[in-house]
Amino acid sequence: MDGRGDSEISEVQDFGDPALDARRARWTAALTGAVLALAGVAAAVLRASGSGPVVVPAAYALGAAVCALASLLGSRGRTRRALWLLVVGAMVMALGDQFD
């Protein structure tokens, strides 16, 4: 007996499991895309109700759409493409905010 319990052994094995790593990556990409898409939609609605230029809410809406697409791709296992689309979506929203 080396003093380790069964729970410690299973935790060590979980970190080396490629299927579990892939599942975590899919969930992370899907949830991050969904959160960024919801934030973009909320910002677009808030900016549309103001008196600023039209390009600002349009940029937020476009960025939200790109992040929603990234969420969809991430949930289907295309995590690298989803990551890059999340970066592009966030950049579009940030660029649109510069016009305000």
- Please identify the longest segment of the chain free of exposed trypsin sites (Lys or Arg not before Pro), where exposed means a DSSP state other than H, G, I, E or B and no more than 14 other Cβ atoms within 10 Å. 5-75
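Quick one: dipole size for the chain, taken about the Cα centre, charges +1 on Lys/Arg Cβ and -1 on Asp/Glu Cβ, in debye to the nearest 20.
On the way: 9 positive and 9 negative charges, 119 e Å.
Computed charge dipole of the chain: roughly 580 debye.
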- Principal-axis tilt of helix 55-75 within the chain, Cα atoms, nearest 10 degrees: 20 degrees
- Message: How tilted is helix 6-15 with respect to the longest principal axis of the chain? Cα atoms for both, answer in degrees (0 to 90, nearest 10).
- Response: 50 degrees
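Taken together, the values in this text are just the output of simple stated rules run on the coordinates, not laboratory data. Keep in mind it's a predicted model, so treat the numbers as computed, not measured. As a convention, Cβ positions derive from the backbone with ideal geometry for all residues, glycine included, and neighbour counts pool all protein chains shown.
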